[in-house]
Structure formats: C-alpha cells, structure tokens
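Chemist: A single structure is presented below for examination.
The values are calculated or read from the model by the stated rules, or taken from the named source; none is laboratory data. The structure displayed is predicted, hence computed values, not measured ones. Here the Cβ positions follow ideal geometry from the backbone for every residue, glycine too, while neighbour counts run over all protein chains shown.
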Amino acid sequence: MKVKFTLNGKEISIEASAAENGRHLLQRAGIPSVRNSDDSYGFAGSDTILLDGKTVGAGLLLAPMLEGRDVKTVESLSRGRQISEIQQAMMDAGCIQSGYNSPAAALMLYDLLERVSEPLKEDVVDALSGLFNRATGYMQFFDAVDLLVKRRKAPGYKAPIPEYRDKLKVVGKAAPKADVRRMVAGERVYVEDRVDPEACFLKILRSPHAHAKIFSIDTSEALAMEGVVEVFTHKNVPDVYYSQAGQGYPEPSPYDRKLIGAKVRHVGDRVAAVVAETEEAAVKALKLIQVEYEVLPPVMTVEAAAAEDAPLIQGGLQVFEAGAPDDLEEMNRASDPSEGKVIYQFPIGGNPRKNIAASIDGGVGNMEKGFAEADVIVEQEYETSQIQCTPLERHTVYTRLEGERLIIHASTQVPYHLRRITATILGIPESQVRVIKERVGGGYGSKQDILLEELCAYATWITGRPVFQQYSREEEFIACSTRKPMKIRVKAGARKDGKLTAVSMSVRASQGPYGAHALTVPMNGVSKSLPLFDCENFHFDVTTYYTNIPPTGAYQGYGAPKGSFAIQSAMGELAVQLGMDPWEFIHKNMVRKGTVLEIMKCLGEGREGAVAVVGSCGLEGAMDRGRELIEWDRKERSEDPDVKIGKGVCIIQQGSGLPGLDQGNAVLKMLGDGTFVLHSGGADLGTGLDTVCTKIVAEKLNIDPGLVHVISGDTDIAPFDKGAYASSGTFFSGGAALRASERMVERILEEAAKILEEPLSDLSIESPGIVKGKRGEISYRKLAWHTQGGEGSGQIIAPGAFTTNESSIPYGAHFCQVSVNTRTGRINVDKYFALQDCGTPINPEYALGQIYGGVLKSIGHTLYEEMILDEKGRCLTTDLRSYGVPTIGDLPDEFYCELVDVEDEFGPYGAKSVSEISVNGAAPVIANAVYDAVGVRMRSWPFSPERVLTALGKL
Amino acid sequence: MLSNFYRPKTAEEALKYMEIGGTFLAGGTEINRGVSGDGSFPGIPGGRAEPEADRDLIYLEGLGLKGVRREGDSLIIGACSSLQELADNPGLPGWLRKASGFIPSRNIRNMATIGGNIAARRSNSVTLPGLMAAGGRLYLAGGTIMTVEDYLKVPDGGLILEVEIPDDAAPGYKGVCRTVKESRSRLAFPVVTAGVYMECDGLTVKKLRIAAGCGCTGDLPGRLGSLEEKLTGRPLAGREELIEVIEAAVLPSSDIHGSAAYRSRVNGVKIADLLIECREALL
C-alpha cells in the first residue's frame, strides 16, 4: 500500500506493507535518527517522533497509522548545518555523550518548551519520562533547559560549568565534543548507518538449553531456502580456540571457545548462524534447522560448580602456551575431546576439572598477628547479582570485503584487539583486516568483548558477501557480556581506637560458560578496594567458577563495584561494632598521599605486581566536602513514623589504565596550512576521548582546538592502542597524544631554528601557532610551506607512545541520605553527593556527566536491576522494563557531583580517569545509609523492597 | 503476519470487520509492542512470542472517539482519548487524572487510549481498578451498556465507544475515589494498582468499592467483594487491622516482581493507606 503523510513539512508517499513498523518506514524514508533500542517495547524512547505535535514512539506504530498524519523528526529542528537552540543548549550543557538517543531527547525537550516556556524540574522529568539514558544520568538535561530559558532572556548566556587550571587555555575548560553536533542532529554516525543496500543479514539460532551436547544438526532445509546464502554450525567453522575478552595479548583469559561449539553452555549459546539476503529469510531459515540435543544438568551457582560431583562445563583438553603444570598429563587423562579445549596463555590458577576458571591468592603482613591485635572483628559475606550493561545501541557489526581485505565496521571499545582476534580466527594476517570503529552508542564494558564481530567477519570471509548483524534486546541479555555474580566474604579487625589491624577478602565468582575476564574482574574487586585502607595485614583469595549462567565479562567498574560493596559495607559494620562514627573510622584508616601500597605487589592482573605509592589523592577533600554537603552531624527525622532516615558514607578508587601492561600510540601530522591531524589509537566510546586528545594537542601547540582534527579508531589509519577499558582513555591515549605533541614541538622548533637561523634555546611556541625567536618569528602556516616545499625537509610528523609503570589512582567519597519505608520496604534516595578526584578534568562537563551517569547506573544496580534466571538457566528479564533500569524519575531528590581538585604527577596535564570509579559507591553508601536508618544490613543486591521487608522481619 | 489493515469510519463498519476476524487497534502500545518491522527476533525456541499469524487490524482512529462531555451526573469519555489527554484535563476527577499518569512514560501516555487500556485487560492495568471502584460503565458498539466489571467477565467484550464515570463535581456526588500504584522503579511493572470508592455516614463506611490488579484477584483486575463486605457498615478499622484483612483477601502469586508474601503485604499496605486516605477526605 502507499502511505501518504507529511514528513518534516513535506508531503511524501511511500510504498509500505501494512505490517511495517513505523520506525522502520521512517528509516527507509531517509531518517536515520529514529533508532531502535528496545525492539519496539516503547521503553527507551530512541524512536521518538512528533506525531501531530505529540511525542510518541515510532516503533509502536504500524506504517498505515501514519496515513495523513504530520510527522516531525529531529531533522526538522535543523536548518542545513544550523541546529536549533535546544540542540545547542544540550551541546553546551554537556548532555550528549554516546548520543544514540540524543535526537529523541532533543525532540522531547523541544516539545516541552513549546508547551511550557519556563519549565520546572517536574516538567523536565515528565518530558523525558519516556527516555532511557544510560550515559549521563539526566542531570545535565535540567541544565540544558535552564540554559535555553536564560539564553532566551539574555542571548549569549553561558552554561555555568566549572573550569580548572587558570594557566591553561583549553584543558580544563568546557567545550562541546567534536562529535556531538552530528549526534544531536541525528546524522549517520553509527554502524547501522553504514550498511549497504545489498548487505546480507546474519541471525543466530540460540540454544534453549543451559547445558547440552548437540547430538545432531540438520541445516539442509534452511540452506535450500530461497535467499539463504550460508548456514554455519560447529561442523563448518574453524577449529580455532579463542577468548572473546578484548584484552592485550597474551590475554589472562583462557581460550575456551570456538565460533560455534558442539556443546552449548548457556541458554542463548550459538547453535547455528544463518546468512541470508533478507532479514525475514534469515529468521525463517532459523526455524528450519533441526537440532537434537543431549541435555545435561545445568550448573547455576558457585556452590553447585564446586560440588564434588558437579557436571563439568569445560571438560576438554587443557593446553598451556607457557608455564604448563607438571601434572598436566595426569589432569588431561580424563578429558573429553568432544568438549574441545581450554588453552591458557599462562597459568591463571584454573582447573576446569573442578569447574575452576581461574584462582589466585596473596597477601601482605601477618594475618594471624593482625587479627590477634584486633579488639573487634567482623566477618560477613556479601553478594552481588548478575547485571547487564544495557547500551542503548545494541551490539552491532557490519562486515564487507574490499578486494582481498576484510573491513569491519564495529561499535567496539577495542578496535585493535578485534583486528587481532579476528585475524587469528580467520588465519589471515592482521594487515588483511581493517576495523573501523564508528561512534559507539554506549559500551560500558560490554563492547570490550568480541561478541558478534568475529562470526560476522567469518561469514563475510567465507561468503564474500557484506553481512550485517545486530543483537535484539533479548540477545543483549542472554548472549552478551554481563557483570559476574559474586560472593565476597570479608573479615576485618580493628583496635578499640579504630585502627585497622587486618582485612581478608575471599571472593567466589560465577563466571558463566566461557572464561572472559575470569581472573581479572574478581582480582580487580580486590585491587580496587583493599588499597583504600592503610593497613599492614591484608589477605585475599579469588576463585572463579565456570557455570551455565549467561556469559559474563567486563562492565564499567570491572570488579571494583563488587569489592567496594563488600569492603565498604564491612567497614561500616566494623565502625558500628566499635561504636565509632563511620566517617571518623574511614577518615582514620584511609590512605593518603605517600601511603605505600604494599598489597599492590600481589595484584598484578596476570603478572607480577609492584608496590605502589599513593600519589595525587583527593580523599581528604572529598571526605570533608561530603560531610559538609550532607550535614553529617545532623540527624534527620521523617514526619511519617513509618519512614526512617539515615545517612551513609563510603570511599572509592579505581585506576587509570593498566601500568606495565598497556600502551597508547598517536601520530600527529602538520598539514599544509599549519593545522594538525592527530591519528589516535584511542577508542572514543562517547566519553569525549577525541576531545581530550584535541585539547591536549591544542594546549601544547598553543593553537585553537578548532585547528586540530582527531582521527581515531580506524586500524588502517591510526597506530595501535589498547582500547577503551580499565579507565585508560585519558591517561594512556591522552598520554600518547601529549607525547606526540611534545615531539611535534621539538620538530617544529628544529625546523624553525633552521629557517630563522636562531639557536633552539632562543625559540618558543607562542599563541596562536607561532614560533618566536629573539630576532624573528614564523607561523606554523609558513613553517608548513617551508617543510613541505621542494626544498623542505618533509612534512612534520610526530609519533608518540605512552607506557608507564606509574599508578595514578582516582579517588572519591560518596555520601547519601535515604528514607526507608518500613511498611513497604521502599528505599528512597533523598540526597546523593559524589565527590571525586580525577586530577585535572580535561573536559569538565563530560567528567561530571560521567559521574552522574555512573552513579545513577549503580543506584539502579543497587536498588532495581536484576537478571532473574529460572532453574533451567533461562533469563526471565529480557527487556529493559522487566530488568529494571532506572530512568529520570528515579533520580535522587537532591543529586550533586563535584570534582575535587588535585593535580596528578603522571597524567597528561595532571589528569586521571573519571568514569569507571563513579559506579563503585552507590551500593555500599546506600547499604550504610539503610543501616543508619533502620538498623538492618543489606548484604545482597538488589536492595529490593521485598529484601528490605525480609531484613526488617516483616515478611 | 498482518494481512489487512482496515480503516472503518463508523462503529458498524468496525464491527463488520471484527466479525471476519479482525482485532481492534487504537493507540498501538499494546498490540504493536514487540512487533518488529525489520524482524529482529532472536530465533530462540520458546523465546519471545512472534507476531500472530495472519491477523487483520481494525484501526479505530477514524471513528472520532475522542473528547469528554458531561451528561447529567456523569462524564462521558471517548474511548480513543489518550491517557495524556485525560491526565491533562482539569474537568476530570482527580483519581482518573492520577491513574492516567500512572503510565510512567509521556510517549506512551500520548499514544495509549483509555479504551485500549481497558480492552487490553492487563492484570496491571492502571485504569481498570479505578474505573471499577468508581463504578465506571462502558458504552459498546451495538448499543450495549455494561459495567467495567461485567465487560471483563466476557472474553471478547466488544468494541468500546465511550467510558462513563460519575462526575465528582456533580451536586449529588457523595463519595470519594482514590487510586494508587506502586512499582520498584518509576518505569518498572507495578506490584500494586488499586482503586477505592468510599461513602461514609459519619464514621461509618456506608458504601465501599475496592478493586485491585497485579494478581490480587487472579489474571484480571477485580473487585475485592468479601473485603468490601467486611469493611462496610462499621467505622474503618485501624491501619494494622486493615492491612491484615486486606492481606488475607488478596491472592497474588509469586512472579519475577516478588513473592506472593511480599505482594500480599505491599498490596495490604497500599490499599489500607488508600482506604484511610478516602476516609480522611470524607471527614
């Protein structure tokens, strides 16, 4: 049928089937900004349009419902390259990071401002009530509206964003990221926007069983179907084992999977992959594949995995590339070749014969002595649940061939690891693979892992066809990377005066079926929580068990949020046992600048660690400021006798990349007019890393940032970088940009010295892009002309590599006030204050946005979010609403984040990391506040109303 | 797959299409939910349901079922009025405006209609408990008028044209009606949706209607008849006693949103609060 309607002011007529989804039709009509985050469940709002002037979800419309209607999308707000005032305000307020549904937010706010000229906070909450934003925690949307209202009265009004470092011109000052205008305007910047019309579609047949062997599989009927190009099963994929963990080589994660295995190990595991010319054909073909399974008992918990007679999840042959144990032959005697292999690059304490994926222990001091010196000892177990990253842009990849080369358009945090892993599986050199990281619509760790790219690449490599694959939201839950459930036992002792004498931590983690990050995530839970305290005696042990839960991997914070929950809760309990104020207890025992972290020598994440010394540290300032903000000494009382109010405090830390393990690289080129292009290996996943690099270059070269263009994430163009994980972006990739800039300055001065005929020592770089000597001066433009001319010495190109053995640790303190309804069990977060030190905040507005986003996310983990599995391993919460992500209506009543100003010794311009640390505070600080309110200790996530009532003895 | 998409101009025409197997479509938030034009189904056996096979849809947009009018002591609401229109309408009773706002997303409120919300018969419907408590009636195509409760008793209740509710601003209106919703987070599925209508004679509860969803009365929202009987004709009991009798009267089962014990408890607490709120409003 023909559907006629008005689209952005123009009447259009478009052929459509009656069943076509409205969002799909609009995309066909040339509107990329109407996106799909929730498979038309009407939750995320990424598909928002204005239908007859009202915001609705296009994914809930069928094509014929548009007949005769007036449809406006975000494209209607722009005039050519000129965006609207609300979009500009969003940019200036720092609202836009991953940007996937920023067009939707812009439309919602546009609609609001059409209805209400000076909106109140509740109006903004209502306007954005249908928007799921995972990146920035919503707070800057209020700022954007406020900014616009003020600008309408006083044009030119600037957003009141804090600025840092008076001596620096661009670092520490607010400036919109280079990519946000395109994002908020709804331009084509994501992988899904790169797909050619002739592309095939890849769909996966997934296992209905948590643990089973494939007895037989028949794909003949599917293969014979019209439009089906190829079907892959365990029978026709390479016999190559690998890890999906996007980590530096040699990885500490075992290689324990193939593209498709003969054994399925979780509900949702790959059974077969269909490549077809249309999506409909691919879906239909999946149903024609006949599979017979030999169903095995699933192992769903660490206790079940550790049981004497537990079914083995990885029962295959163990192989060690280095450091094989002496009894390997004996261990392998009972292995089952049909279960494949587990290949370790080096020992990580794994023993698949006992379902152990990895283990380690260590410590410093004398625990026996430490506990003997304690007057009070607490010992408790804390439990964290399996949670999902929920990026708005689902996992997406598009692969194609250019001649004999494989091109991968990816939404990834690790372009170079993706290139390496894919090349290895395909058995081709890395030079034959190009990864182009597009803008990433949210990663949060789950895009550190290679979850679909390698199979799609293989499909293209074999068929020669361009292939597109995009996860459904359900696949995000059952076949993705999630946060490992953990049980952490903490024993901590202190003297009567509050001085810690010993702390031990015993971690048991449920890994799921494959070993991605099996060692490093739980270890990180230790290494980012114990070193917050100055104590002579520490011990830890970590055991990660293979289980049949959906796969786990990396999630923002890595292991730290779980370790932090356990340790900070235990410290809260210890303070209570000591009869000491929790703030005083933390303040007495926390590390300070100069504290020697002996424990770090045991926490090397797969290699030998090194003793570290606390450098820049904002803990003191954060503790003082938080105490002041929350009015720590004032006891609050509710007018409702059933509602009890309490306050909590905790301290947090993270890292800034992996010293000694990782590396960043950049190459800076001077162009013909004296402007610059930086080829950065860094992977900007929406956080503003490209802008960090831009500012660093501009600052060093004394030029306007508009004269620097950053090209990143393209493995053909930019040099190697470890990728965006472990809070490494600013420190490592930014560090590489600084090194390249420093080298560029040297080269510029060398060339200028020759031209000006002055000694190097007489030259300096001045603004705007001029080399000044005692006798003369030369602009970068002229310098470029000289160096790139027939008599020149060649284009000035400056590489920079960044490695370090120094640990620059960001610190923070979180404070909150909660109201606990003792009749319903509901916890309301009345106030939340996050005080964090990230060294010099290079992009202050985005640093703050990441803190707000991280805190709200972790409030969600603490109070609402839950992957619920049944006894057969099926996830029952496979949509965003059932799963329970927080939205704008769940913001704390008073929510404020502040950057504690410290300058780091090692980071570029004194910067450290900011994003990941933000998720480490909510669980323990809320648990501590709940205890203060009602005297019960929440030791298991999420703190649902039911769990609160149970803890209160009311259920 | 969808076979035909009809656009009737009259109720009679709509009924004809229904007789040949069509399904009514209003805002689309229920029927179109999860239907993906680009076929993004994960292909997992036993996974999410796919679109029904060979379905005809009858789009009600052309019937003009919009707006609110007064008729005697009643308010008559067009079935295709969106929940946002109801939430924004100052002429409507507070309980209905509030219940309409229980749909937490403005996008959804702009699309979802009151008729659709009723016809979808969701256990956690935000409007049904309030409508049942208020004594709402439905005007159906073909001339039938029935209470909301009766409509739910008939598996395929027919095409709703209008919804009638008592006008609480009318001189003869004696009681108060209140609604409540409780969910873990703002956008989470509710664990309580309830409505209470109460009339009192002094301290004595003279007339009481209590309706609840979220599994309290089985798969559909419904009246808590025995509870109403127990609480009528006497002064309202104290809060703890109310919670106890309500907990005994509701029968939710365990699901992903909570155990039966928790759900009973939270419904007991919230409905007790609602009863007390009604009594205080009357006093």
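Chemist: Go through segment A:475-512 and give me each residue that's in a loop (DSSP other than H, G, I, E, B) and within 14 Å of chain B (Cβ to nearest Cβ).
Modeler: Taking segment A:475-512 as the starting set, the residues that turn out to be in a loop (DSSP other than H, G, I, E, B) are A:479-481, A:484-485, A:495-499.
Scanning segment A:475-512 gives A:Ala479, A:Cys480.
Chemist: Please state which one of B:Thr179, B:Thr217, B:Thr204 is buried (at least 24 other Cβ atoms within 10 Å of the Cβ) and modelled with pLDDT of 95 or more.
Modeler: Working: B:Thr217 fails: buried (at least 24 other Cβ atoms within 10 Å of the Cβ); B:Thr204 fails: buried (at least 24 other Cβ atoms within 10 Å of the Cβ).
Selected residue: B:Thr179, the only one of B:Thr179, B:Thr217, B:Thr204 that is buried (at least 24 other Cβ atoms within 10 Å of the Cβ) and modelled with pLDDT of 95 or more.
Chemist: Among what's in segment A:32-47 and is over 17 Å from B:Gly34 (Cβ atoms) and surrounded by 22 or more Cβ atoms within 10 Å (Cβ to Cβ), pick the residue that is nearest to the other protein chains (Cβ to nearest Cβ). Show your work before the answer.
Modeler: Pass one, segment A:32-47, residues over 17 Å from B:Gly34 (Cβ atoms): A:32-34.
This time we only want the ones that are surrounded by 22 or more Cβ atoms within 10 Å (Cβ to Cβ), so: A:33-34.
Numbers: A:Ser33: 15, A:Val34: 12 Å.
Looking at the filtered set, the residue picked out is A:Val34.
Chemist: Filtering segment A:581-628 down to residues that are aliphatic (A, V, I, L, M) and within 24 Å of A:Ile488 (Cα to Cα), which residue is nearest to the chain's Cα centre (by Cα)?
Modeler: Pass one, segment A:581-628, residues aliphatic (A, V, I, L, M): A:586, A:590-591, A:596-597, A:599-600, A:603, A:610-614, A:619, A:622-623.
Pick out the ones that are also within 24 Å of A:Ile488 (Cα to Cα) and you get A:586, A:590-591, A:597, A:599-600, A:603.
Values: A:Ile586: 29, A:Met590: 28, A:Val591: 27, A:Leu597: 27, A:Ile599: 27, A:Met600: 24, A:Leu603: 22 Å.
Selected residue: A:Leu603.
Chemist: Which residue, of A:Arg627, A:Arg592, A:Arg607, is in contact (Cβ under 8 Å) with a residue 40 or more places away in the chain, part of a loop (DSSP other than H, G, I, E, B) and out of contact with any Gly (no Cβ under 8 Å at 6 or more places or on another chain)?
Modeler: Values: A:Arg627 fails: part of a loop (DSSP other than H, G, I, E, B); A:Arg607 fails: out of contact with any Gly (no Cβ under 8 Å at 6 or more places or on another chain).
On inspection, the qualifying residue turns out to be A:Arg592.
Chemist: Of the residues A:Gly729, A:Gly688, A:Gly706, A:Gly713, which single one is touching a Phe, Trp or Tyr at 6+ places or on another chain (Cβ under 8 Å) and either modelled with pLDDT of 95 or more or within 30 Å of A:Arg434 (Cβ to Cβ) (or both)?
Modeler: Details: A:Gly729 fails: touching a Phe, Trp or Tyr at 6+ places or on another chain (Cβ under 8 Å); A:Gly706 fails: touching a Phe, Trp or Tyr at 6+ places or on another chain (Cβ under 8 Å); A:Gly713 fails: touching a Phe, Trp or Tyr at 6+ places or on another chain (Cβ under 8 Å).
Criteria check complete, one pass: A:Gly688.
Chemist: Now for a different question. Of all residues in segment A:59-80, how many are within 28 Å of the chain's Cα centre (by Cα) and at the interface with another protein chain (Cβ under 10 Å from one of its Cβ atoms)?
Modeler: Initially, segment A:59-80 is screened for residues within 28 Å of the chain's Cα centre (by Cα), giving A:59, A:74.
If we keep only those that are at the interface with another protein chain (Cβ under 10 Å from one of its Cβ atoms) too, we end up with A:59.
Count: 1.
Chemist: Are there any strands (runs of 3 or more DSSP E) wholly within segment A:10-125 with 1 or more residues that are touching a residue at least 24 places away in the same chain (Cβ under 8 Å) and among the charged types (D, E, K, R), and if so which?
Modeler: Values: elements: A:10-15, A:48-51, A:54-57, A:70-72.
In segment A:10-125, A:54-57, A:70-72 are the strands (runs of 3 or more DSSP E) which contain 1 or more residues that are touching a residue at least 24 places away in the same chain (Cβ under 8 Å) and among the charged types (D, E, K, R).
Chemist: If you don't mind, there's one more thing I want to ask. Can you pull out every residue in segment A:273-297 that is within 30 Å of A:Leu317 (Cα to Cα) and surrounded by fewer than 24 Cβ atoms within 10 Å (Cβ to Cβ)?
Modeler: Going residue by residue through segment A:273-297, those that are within 30 Å of A:Leu317 (Cα to Cα) are A:273-274, A:289-297.
Once the filter is applied, which keeps residues that are within 30 Å of A:Leu317 (Cα to Cα) and surrounded by fewer than 24 Cβ atoms within 10 Å (Cβ to Cβ), segment A:273-297 yields A:Ile289, A:Gln290, A:Val291, A:Glu292, A:Tyr293, A:Glu294, A:Val295, A:Leu296, A:Pro297.
Chemist: If you take the residues in segment B:241-250 that are buried (at least 22 other Cβ atoms within 10 Å of the Cβ) and more than 13 Å from every other protein chain (Cβ to nearest Cβ), which one is nearest to B:Lys98 (Cα to Cα)?
Modeler: Filtering first and then ranking leaves B:Val250.
Chemist: Name every residue in segment A:212-262 that is of a type in the set (Ser, Thr, Tyr), assigned to a loop (DSSP other than H, G, I, E, B) and closer than 20 Å to A:Leu317 by Cα, in order of residue number.
Modeler: A:Tyr241, A:Ser243, A:Ser253
Chemist: Another question, if that's okay. Checking the conditions here, which among A:Asp932, A:Asp893, A:Asp901 is more than 14 Å from chain B (Cβ to nearest Cβ), acidic (Asp, Glu) and touching a strand residue (DSSP E or B) at 6+ places or on another chain (Cβ under 7 Å)?
Modeler: On the way: A:Asp893 fails: more than 14 Å from chain B (Cβ to nearest Cβ); A:Asp901 fails: touching a strand residue (DSSP E or B) at 6+ places or on another chain (Cβ under 7 Å).
Testing whether each residue is more than 14 Å from chain B (Cβ to nearest Cβ), acidic (Asp, Glu) and touching a strand residue (DSSP E or B) at 6+ places or on another chain (Cβ under 7 Å) leaves just A:Asp932.
Chemist: Among the residues of segment A:672-704 satisfying the criterion of being aliphatic (A, V, I, L, M) and assigned to a strand (DSSP E or B), which is surrounded by the most Cβ atoms within 10 Å (Cβ to Cβ)?
Modeler: The initial filter retains those residues of segment A:672-704 that are aliphatic (A, V, I, L, M), namely A:677-678, A:683, A:685, A:689, A:692, A:696-698, A:701, A:703.
Checking the rest, the ones that are also assigned to a strand (DSSP E or B) come to A:677-678.
On the way: A:Val677: 17, A:Leu678: 28.
The residue in question is A:Leu678.
Chemist: Could you grab me the full set of residues in segment A:705-734 that are of a type outside the set (Gly, Ala, Ser) and in a loop (DSSP other than H, G, I, E, B)?
Modeler: Initially, segment A:705-734 is screened for residues of a type outside the set (Gly, Ala, Ser), giving A:705, A:707-711, A:714-717, A:719-722, A:725, A:730-732.
Scanning segment A:705-734 gives A:Thr715, A:Asp716, A:Ile717, A:Pro719, A:Phe720, A:Asp721, A:Lys722, A:Tyr725.
Chemist: Within segment A:802-823, identify whether any single residue is part of a helix (DSSP H, G or I), touching a helix residue (DSSP H, G or I) at 6+ places or on another chain (Cβ under 6 Å), farther than 30 Å from A:Ala93 by Cα and more than 14 Å from every other protein chain (Cβ to nearest Cβ), and answer yes or no. Let's see the steps before the verdict.
Modeler: First pass over segment A:802-823, keeping only residues part of a helix (DSSP H, G or I): none.
So far as segment A:802-823 goes, no, none of its residues is part of a helix (DSSP H, G or I), touching a helix residue (DSSP H, G or I) at 6+ places or on another chain (Cβ under 6 Å), farther than 30 Å from A:Ala93 by Cα and more than 14 Å from every other protein chain (Cβ to nearest Cβ).
Chemist: Can you pull out every residue in segment A:263-308 that is in a loop (DSSP other than H, G, I, E, B), farther than 14 Å from A:Leu223 by Cβ, more than 29 Å from the chain's Cα centre (by Cα) and of a type in the set (A, V, I, L, M)? Reasoning before the result, please.
Modeler: Step one: filter segment A:263-308 for residues in a loop (DSSP other than H, G, I, E, B), giving A:265-269, A:277-278, A:287-289, A:296-301, A:307-308.
Narrowing further to those that are farther than 14 Å from A:Leu223 by Cβ: A:265-269, A:278, A:296-301, A:307-308.
Right, trim to more than 29 Å from the chain's Cα centre (by Cα) and you get A:278, A:296-298, A:307-308.
Listed by number, the residues that qualify are A:Leu296, A:Ala307.
Chemist: Okay, next question. Could you list, in sequence order, all residues of segment A:867-879 that are at the interface with another protein chain (Cβ under 8 Å from one of its Cβ atoms) and either under 23 Å from the mean Cα position of the chain (by Cα) or surrounded by 24 or more Cβ atoms within 10 Å (Cβ to Cβ) (or both)?
Modeler: If the condition is that a residue be at the interface with another protein chain (Cβ under 8 Å from one of its Cβ atoms) and either under 23 Å from the mean Cα position of the chain (by Cα) or surrounded by 24 or more Cβ atoms within 10 Å (Cβ to Cβ) (or both), then A:Ile868, A:Thr877, A:Thr878 are the ones that fit.
Chemist: Please enumerate the residues belonging to segment B:140-154 that are under 16 Å from the mean Cα position of the chain (by Cα) and of a type in the set (Ser, Thr, Tyr). Explain how you work it out, then say what you get.
Modeler: Taking segment B:140-154 and keeping what is under 16 Å from the mean Cα position of the chain (by Cα), we get B:146-154.
Once the filter is applied, which keeps residues that are under 16 Å from the mean Cα position of the chain (by Cα) and of a type in the set (Ser, Thr, Tyr), segment B:140-154 yields B:Thr147, B:Tyr151.
Chemist: Sticking with this structure for a sec: Quick one: in segment A:403-419, which of the residues that are touching a residue at least 12 places away in the same chain (Cβ under 8 Å) and surrounded by fewer than 24 Cβ atoms within 10 Å (Cβ to Cβ) is nearest to A:Ile711 (Cα to Cα)? Talk me through it step by step, then tell me what you get.
Modeler: Residues of segment A:403-419 that are touching a residue at least 12 places away in the same chain (Cβ under 8 Å), as a first pass: A:404-419.
This time we only want the ones that are surrounded by fewer than 24 Cβ atoms within 10 Å (Cβ to Cβ), so: A:404-407.
On the way: A:Glu404: 24, A:Arg405: 21, A:Leu406: 20, A:Ile407: 17 Å.
If we take residues in segment A:403-419 being touching a residue at least 12 places away in the same chain (Cβ under 8 Å) and surrounded by fewer than 24 Cβ atoms within 10 Å (Cβ to Cβ), then A:Ile407 is nearest to A:Ile711 (Cα to Cα).
Chemist: So if I check each of A:Ser472, A:Ser446, which one is within 14 Å of chain B (Cβ to nearest Cβ) and either of a type in the set (Gly, Ala, Ser) or under 17 Å from A:Ala358 (Cβ atoms) (or both)? Working first, answer last.
Modeler: On the way: A:Ser446 fails: within 14 Å of chain B (Cβ to nearest Cβ).
The unique qualifying residue is A:Ser472.
Chemist: While we're on this one: So which of A:Val440, A:Val526, A:Val435 ends up being modelled with pLDDT of 95 or more, under 30 Å from A:Ser33 (Cβ atoms) and outside any strand (DSSP E or B)? Step through it out loud before you land on a result.
Modeler: On the way: A:Val526 fails: under 30 Å from A:Ser33 (Cβ atoms); A:Val435 fails: outside any strand (DSSP E or B).
When all the criteria are applied, what remains is A:Val440.
Chemist: Right, another one. Residues in segment A:449-469: is at least one closer than 20 Å to A:Gln247 by Cβ, modelled with pLDDT under 95, in contact with a strand residue (DSSP E or B) (Cβ under 8 Å, 6 or more places away or on another chain) and not in a helix (DSSP H, G or I)? Walk me through it before giving the result.
Modeler: From segment A:449-469, those closer than 20 Å to A:Gln247 by Cβ are A:449-455, A:457; that's our starting set.
Adding the requirement that they be modelled with pLDDT under 95 leaves none.
Looking through segment A:449-469, none of the residues is closer than 20 Å to A:Gln247 by Cβ, modelled with pLDDT under 95, in contact with a strand residue (DSSP E or B) (Cβ under 8 Å, 6 or more places away or on another chain) and not in a helix (DSSP H, G or I).
Chemist: Do we have A:Ser117 as farther than 29 Å from A:Ala18 by Cα and within 9 Å of chain B (Cβ to nearest Cβ) here?
Modeler: Values: farther than 29 Å from A:Ala18 by Cα: yes; within 9 Å of chain B (Cβ to nearest Cβ): no.
Against the criterion (farther than 29 Å from A:Ala18 by Cα and within 9 Å of chain B (Cβ to nearest Cβ)), A:Ser117 does not qualify.
Chemist: Still on this model: Of all residues in segment B:251-274 being among the aliphatic types (A, V, I, L, M) and touching a Lys or Arg at 6+ places or on another chain (Cβ under 8 Å), which is nearest to the other protein chains (Cβ to nearest Cβ)?
Modeler: To start, the set of residues in segment B:251-274 that are among the aliphatic types (A, V, I, L, M) comprises B:251, B:256, B:260-261, B:266, B:269, B:271-272, B:274.
Narrowing further to those that are touching a Lys or Arg at 6+ places or on another chain (Cβ under 8 Å): B:269, B:272, B:274.
Numbers: B:Val269: 5, B:Ala272: 9, B:Leu274: 13 Å.
Applying the filter and picking the extreme gives B:Val269.
Chemist: Out of all the residues in segment A:120-170, which are away from chain B (no Cβ under 14 Å), closer than 18 Å to A:Thr887 by Cα and among the hydroxyl-bearing types (Ser, Thr, Tyr)?
Modeler: Within segment A:120-170, just A:Thr136 meets the criteria.
Chemist: A further question on this structure: Right, B:Val192: modelled with pLDDT of 95 or more and either assigned to a loop (DSSP other than H, G, I, E, B) or within 14 Å of chain A (Cβ to nearest Cβ) (or both) or not?
Modeler: Yes; evaluated as a whole, the condition is true for this residue.
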